[in-house]
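The values are calculated or read from the model by the stated rules, or taken from the named source; none is laboratory data. The structure presented is a predicted model; accordingly, all values stated were derived computationally and were not measured. Here the Cβ is made from the backbone with ideal geometry for all residues, glycine too, and neighbour counts use every protein chain on show.
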There are 2 protein chains.
Amino acid sequence: MTSYQRIVLAARPRGEVKASDFRLETVAAPELADGQVLVRNDYLSLDPYMRGRMSEAKSYAAPQALNETMIGGTVGQVVASRHPKFAVGDAVVGVLGWAEMAVSDGTMLRKVDTSRVPLSAYLGAVGMPGMAAWYGLNQIMHPKAGETVVVTAASGAVGSVVGQLAKLRGCRVVGVAGGPQKCAYVADELGFDACIDYQAGNVAADLAAATPHGIDAIFENVGGPIFDAALPRTNAFGRVALCGLIAGYNGADMSIKNFRFLLTSRLTLRGFIVTEHMEYWPQGLSELGLLVAGGKLRYRETIASGLAAAPGAFIGLLQGKNFGKQLVKLG
Amino acid sequence: MTSYQRIVLAARPRGEVKASDFRLETVAAPELADGQVLVRNDYLSLDPYMRGRMSEAKSYAAPQALNETMIGGTVGQVVASRHPKFAVGDAVVGVLGWAEMAVSDGTMLRKVDTSRVPLSAYLGAVGMPGMAAWYGLNQIMHPKAGETVVVTAASGAVGSVVGQLAKLRGCRVVGVAGGPQKCAYVADELGFDACIDYQAGNVAADLAAATPHGIDAIFENVGGPIFDAALPRTNAFGRVALCGLIAGYNGADMSIKNFRFLLTSRLTLRGFIVTEHMEYWPQGLSELGLLVAGGKLRYRETIASGLAAAPGAFIGLLQGKNFGKQLVKLG
């Protein structure tokens, strides 16, 4: 019988997440029953939504249970199988959590082709973050060629895909990111038309300069003062895809002062959780996979090494210290 | 040559509107040219949107010009015509402003049937306010039988129609209004399931008690603290029709503290101006007219007497002193 390590939620954070909110444990891998498969995880995905699950406050999903394996997307290899659809060696994407290994009954486990798309991309541009971008753009923002699109957290796993998809549509795309390094990446490597460094402290003025024809659609990952600065720039009948509010995940005041522009600009705003729209995933993942395989959709990863590094990497993610998709590489 | 009185905007208000922001003038009625019609107005409509037009701030329409007749909907009679489509004696609804008479070239002038619907109703339940209610309900809120709908400014010209239409759909309908008299009217005469008196100072607790199964759709006329109290009660995939923000029309802080619930409840919010959706008016006005004629849609009017009373009645409207549709009767 083999054993493996996992990380459980030890305590619900108050305000900022601390390393002591997590606990590393060694557990025994159980014998497989019929219909089960044992997966060795190669990469864990770290995502902002996990912060919400750590709280007990009303949210869109049940809270992460205390003393249970932290939730999260994973990619890995099947190492033992008593499941008819999975064989040893299969590359799989799943939601197996912060653990070196996990037993699955096949639910939400999906075989993936790694011949043209790297395994880790199935946690990013060709996974849940990519789908969040695809869904918000195609089902909420509906950008037309020539329109101006603003994307917050623009260098991140979601925002980077939103902006590149909007560029492929012929939009003017303005990103917002933290720091000159991320902004240079967004503008120079991802091809956004402009990127505003919110850490420079002139978001409203910089946004006005970068959106001379106003803003037709916003993909919002951050909320708070950055979203407040964008609202007065919106054009009539603008659209807002509300995907995340990372600025408030640690309890900061998330008041919106410029709410009235939702009326005066006759905006349509929709909050969404992409895992509630699985009917779009086959089409979206197919399109995203082809774009990545064809070199038309770029992404960047920040990779922490070893399971024990996950809490620190997650805390860094909430502080914007990652650069692109935050992963943890195991083994 | 006849003369008539009109009211012009004399000054742009700073903060609360004052009587001195208006000026009563006597002007000569011009000779009619070919294609023109002279209308004697019987009623003027006073509506919250006019406050927005009085400012120069960016809004959805051009500002009301200084020293020009105040904008506004009107109903009246044709008293002279050189227009092929209008005859003396025709009852007409138009946008002729705060004036006893006006010359029109027929633009936005419409003959109405007063045999089953009173003339003044074409400024209320069977006019622009009724259409705002109809559009928000049918094109944004999409309420299903059994769902809970919240309507602010529930005794007003728009809110009263929203709630009655939602009741006809089989919804649980909760109004918010100012004062026990308006609330009694909303619950007892209009048939809402409950009405919350925001002046009682317990909006959050009262709203929780009145919406035991949460809120599925909101028709928002007010904004500010009342909307903030409703957001945490929203159910997943709720809809918000954002029609007005009267709480902020005089410059009050309209911050929304509970903005995050737009994400956590995955709400769809849309700000709208019903005059931008004229394609729905024939259908909507037909339905509303049949409901009023059949006694299935009730409304209440507050009628000020004489043109000189218009500024005071408008100021009262912004303070919530009207009860139902605010009109000015002329002549």
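The set of residues in the stretch A:36-59 being buried (at least 21 other Cβ atoms within 10 Å of the Cβ) and polar (S, T, N, Q) consists of A:Asn41, A:Ser45. Taken over the stretch B:190-216, the residue count meeting the criterion of being within 14 Å of chain A (Cβ to nearest Cβ) and within 14 Å of B:Gly146 (Cα to Cα) is 2.
Here is a yes/no grid of residues against (1) of a type outside the set (D, E, K, R); (2) under 30 Å from A:Ile226 (Cα atoms):
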{"position": "B:Leu242", "(1), (2)": "yes, yes"}
{"position": "B:Leu245", "(1), (2)": "yes, yes"}
{"position": "B:Gly251", "(1), (2)": "yes, yes"}
{"position": "B:Met254", "(1), (2)": "yes, yes"}
{"position": "B:Arg270", "(1), (2)": "no, yes"}
{"position": "B:Pro282", "(1), (2)": "yes, no"}
{"position": "B:Leu285", "(1), (2)": "yes, no"}
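Among the residues of the stretch B:217-232, just one is more than 9 Å from chain A (Cβ to nearest Cβ), farther than 20 Å from B:Gln199 by Cβ and surrounded by fewer than 24 Cβ atoms within 10 Å (Cβ to Cβ), namely B:Leu231.
Okay, residues lined up against (1) closer than 19 Å to B:Gln326 by Cβ; (2) touching a residue at least 40 places away in the same chain (Cβ under 8 Å); (3) within 14 Å of chain A (Cβ to nearest Cβ); (4) of a type in the set (Asp, Glu):
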| residue | (1), (2), (3), (4) |
| --- | --- |
| B:Val17 | yes, yes, no, no |
| B:Phe22 | yes, yes, no, no |
| B:Thr26 | no, no, no, no |
| B:Pro30 | no, yes, no, no |
| B:Leu38 | no, yes, no, no |
| B:Met50 | yes, yes, no, no |
| B:Met70 | yes, yes, no, no |
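Condition check for B:Pro282 on (1) surrounded by 16 or more Cβ atoms within 10 Å (Cβ to Cβ); (2) more than 14 Å from chain A (Cβ to nearest Cβ): one failure, at (1). Per the conditions (1) within 20 Å of the chain's Cα centre (by Cα); (2) surrounded by fewer than 19 Cβ atoms within 10 Å (Cβ to Cβ), the sole criterion not satisfied by A:Phe272 is (2). One residue is enough: does the stretch A:237-260 have a residue meeting the conditions assigned to a strand (DSSP E or B), of a type outside the set (S, T, N, Q) and more than 10 Å from every other protein chain (Cβ to nearest Cβ)? Yes, because at least one residue in the stretch A:237-260 is assigned to a strand (DSSP E or B), of a type outside the set (S, T, N, Q) and more than 10 Å from every other protein chain (Cβ to nearest Cβ). Within the stretch A:306-324, does at least one residue satisfy the condition of being basic (Lys, Arg) and away from chain B (no Cβ under 14 Å)? Looking through the stretch A:306-324, at least one residue is basic (Lys, Arg) and away from chain B (no Cβ under 14 Å). Based on what the data block shows, is A:Val203 under 15 Å from A:Gly324 (Cα atoms) and not basic (Lys, Arg)? Spelling it out, it is not the case that A:Val203 is under 15 Å from A:Gly324 (Cα atoms) and not basic (Lys, Arg).
Taking the stretch B:261-313 as the range and being touching a Gly at 6+ places or on another chain (Cβ under 6 Å) and without any contact (Cβ under 8 Å) to a residue 12 or more places away in the chain as the test, only B:Leu263 passes. All but one of (1) at pLDDT below 95; (2) more than 22 Å from A:Arg6 (Cβ to Cβ) hold for A:Gly294; which doesn't? Going through (1) at pLDDT below 95; (2) more than 22 Å from A:Arg6 (Cβ to Cβ) one by one, A:Gly294 breaks only (1). Of all residues in the stretch B:167-178, those satisfying the criterion of being without any contact (Cβ under 8 Å) to a residue 40 or more places away in the chain and surrounded by fewer than 22 Cβ atoms within 10 Å (Cβ to Cβ) are B:Lys167, B:Arg169, B:Gly170.
When A:Thr268, A:Thr275 are checked against the criterion of being out of contact with any Ser or Thr (no Cβ under 9 Å at 6 or more places or on another chain), of a type in the set (S, T, N, Q) and within 14 Å of another protein chain (Cβ to nearest Cβ), A:Thr275 stands alone in meeting it.
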